[in-house]
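First the structure, in the form of structure tokens, and then the observations on it.
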Amino acid sequence: MGYGVFNCLYQFRFMSLRKAVKALLEALILSERIKPSQDAKRRAFKKYSLDGGIERFATAVFYSVLRKLGIYDEKIREITGVKNVYLLDETLRNALRLSIELLKFRSLSNKQKKLVRSILAGEIRTRSHPYASMFFWEVWDDIKNIDFTPKNREEELVYRYYVSRFYVRKLVELIGWEEAEAYLKKINEVPPISLRVNTLRATPEEIRKEIVRLEFEVEQSTRVPVVLRVRGSLDLDRFKPFREGKVFVQEEAGAVASLVLDPRPGEVVVDLAAAPGGKTVHLAELMEGKGKIYAVDIDEKRMERLKELVKRAGFRNVEPVVMDGREAPEEIGEGVADRVLLDAPCTSSGTVQRNPELRWRIREESDILEFVELQRELMEAGWRLLKPGGRML
Ligand SMILES: C[S@@+](CC[C@H](N)C(=O)[O-])C[C@H]1O[C@@H](n2cnc3c(N)ncnc32)[C@H](O)[C@@H]1O
């Protein structure tokens, strides 16, 4: 397996290492509850006031663990004999994951290794149970001895690109070994930050200049010119155009959907799986805030994010409706919509580059078939919502 840029720990003092290990453990525990994982990391790192070099190191470690989660859990299953790692205590589980990363993939001195072991054991004792902590001491040497040598071509890809065996098998079956490997390589590259410009408030050129002024590399999409891609760690919370609703985080492929649907000012549009609202605010922008958008989603929490986004964008023509989209024709009415956008729930496999832990949640065929059924039912609801001659994407 490859080594990250921030591989070496020697440069950090013990105090910094202590803070980093505690923050990392907390971030990993939180990331099981808070999505996206970036928010979990931000919250934990803030609590332990990580900054500078140690923050960059800890960030690299955090994402590295998430990327390799399934592989680490397989090893934890072997070490503990517990088939489902989620039956283990959460602090112990995440301490084991973190230990594998630090011991096997980062250069630690013996003194540092001892420190990591005692910090993690202490955390387990405080957060959970002395027995769990004792168990952790017992398996420490097993962690050191974990073997990551691949036994066949499939395993080689699993270890090199951090994906499940199912994922590799499925990819190879669909596109063959070579293309599968090229794809896997790509999803492990750090993606740029993709921003869509709100053309009611700014021009792409204006935003591009501001990004260049902050000394970041930026490139305008040729296929979707309202999209700009920024390299490096632009802090969006401090980026004025972001705070002012002049730009939103959105990929080229996401931005193109609303453009293709092409809603007009004054129309009635139903966004049938709308949260967290990236496409809804784009639709509102293309409609110049005139007409009506029913933004439907079944997930209340995600809908809160949609509401925040709509507020930041300043649109008043969006009506958020928390409900099952399949019931929308009964609630909103049949034959009322000029356009329907159905960004249906799916495996989200297209976003694995950005969400490193997601690859471990894409499972066997049964999950996929369930999505297919739901997607079909949502599409049927979409047709019923449409006026004659209306358009659904
Ligand atoms: C691909 S995401 C939508 C992303 C969104 N269009 C955007 O651009 O930000 C799919 C959404 O479908 C929602 N969903 C799942 N089942 C649903 C259902 N039965 N009715 C409505 N929404 C559903 C999920 O909560 C999720 O927010």
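Rundown of residues vs (1) surrounded by fewer than 13 Cβ atoms within 10 Å (Cβ to Cβ); (2) within 16 Å of the ligand (Cβ to nearest atom); (3) over 25 Å from residue 390 (Cα atoms); (4) outside the structural domain of residue 321 (by TED's automatic domain parsing), yes/no style:
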position	(1), (2), (3), (4)
198	no, yes, yes, yes
204	no, no, yes, yes
208	no, no, yes, yes
243	yes, no, yes, yes
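Of everything listed in (1) in contact (Cβ under 8 Å) with a residue 12 or more places away in the chain; (2) within 16 Å of the ligand (Cβ to nearest atom); (3) under 27 Å from residue 34 (Cβ atoms), the single unmet condition for residue 301 is (1).
Hey, can you tell me all the residues within region 359-393 that are assigned to a helix (DSSP H, G or I) and closer than 18 Å to residue 275 by Cα?
371, 374, 375, 378, 379, 381, 382
Would you mind finding the one in 253, 274 that is under 21 Å from residue 378 (Cβ atoms), touching a residue at least 60 places away in the same chain (Cβ under 8 Å), buried (at least 19 other Cβ atoms within 10 Å of the Cβ) and under 22 Å from the mean Cα position of the chain (by Cα)? Unique residue meeting the criteria: 274. Tallying residues that are within 12 Å of the ligand (Cβ to nearest atom), closer than 18 Å to residue 392 by Cα and in contact with a strand residue (DSSP E or B) (Cβ under 6 Å, 6 or more places away or on another chain) within region 313-339 yields 2.
Taking the condition of being at positive phi and surrounded by 15 or more Cβ atoms within 10 Å (Cβ to Cβ), how many residues in region 325-368 meet it? Residues in region 325-368 being at positive phi and surrounded by 15 or more Cβ atoms within 10 Å (Cβ to Cβ): 0 in total. The set of residues in region 264-292 being farther than 15 Å from residue 313 by Cβ and within 12 Å of the ligand (Cβ to nearest atom) consists of 270, 272, 273.
Residues are listed down the side, and each one gets a yes or a no for (1) of a type outside the set (Gly, Ala, Ser); (2) at pLDDT 90 or above; (3) more than 15 Å from residue 35 (Cβ to Cβ):
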{"site": "353", "(1), (2), (3)": "yes, no, yes"}
{"site": "358", "(1), (2), (3)": "yes, no, no"}
{"site": "368", "(1), (2), (3)": "yes, no, yes"}
{"site": "389", "(1), (2), (3)": "no, yes, yes"}
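The residue of region 311-324 that is surrounded by the most Cβ atoms within 10 Å (Cβ to Cβ), among those that are modelled with pLDDT under 95 and within 24 Å of the chain's Cα centre (by Cα), is 313.
Here's the yes/no breakdown for (1) hydrophobic (A, V, I, L, M, F, W, C); (2) closer than 30 Å to residue 68 by Cβ; (3) touching a helix residue (DSSP H, G or I) at 6+ places or on another chain (Cβ under 8 Å):
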{"site": "303", "(1), (2), (3)": "yes, no, no"}
{"site": "310", "(1), (2), (3)": "yes, no, yes"}
{"site": "323", "(1), (2), (3)": "yes, no, yes"}
{"site": "328", "(1), (2), (3)": "yes, no, yes"}
{"site": "333", "(1), (2), (3)": "no, no, yes"}
{"site": "341", "(1), (2), (3)": "yes, no, yes"}
{"site": "363", "(1), (2), (3)": "no, yes, yes"}
{"site": "368", "(1), (2), (3)": "yes, yes, no"}
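In region 26-79, which residues are assigned to a loop (DSSP other than H, G, I, E, B), closer than 22 Å to residue 122 by Cβ and under 14 Å from the mean Cα position of the chain (by Cα)?
32
Suppose we keep only residues that are touching an Asp or Glu at 6+ places or on another chain (Cβ under 9 Å), modelled with pLDDT of 95 or more and not hydrophobic (A, V, I, L, M, F, W, C) within region 214-239. Which one would you say is surrounded by the fewest Cβ atoms within 10 Å (Cβ to Cβ)? Checking each candidate, the answer is 220.
Applying a threshold of 6 Å to beta carbon distances and a minimum spacing of six or more residues, or different chains, the list of pairs starting in region 369-386 at a residue that is among the aromatic types (Phe, Trp, Tyr) and ending at one that is more than 11 Å from the ligand (Cβ to nearest atom) and assigned to a strand (DSSP E or B) is empty. Checking region 179-189 against the condition returns a match, with at least one residue being in contact with a Gly (Cβ under 9 Å, 6 or more places away or on another chain), modelled with pLDDT under 95 and under 17 Å from residue 360 (Cα atoms).
The values are calculated or read from the model by the stated rules, or taken from the named source; none is laboratory data. Computed from a predicted structure; not experimentally measured. Every residue, glycine among them, receives a Cβ derived from its backbone with ideal geometry; neighbour counts consider all protein chains shown.
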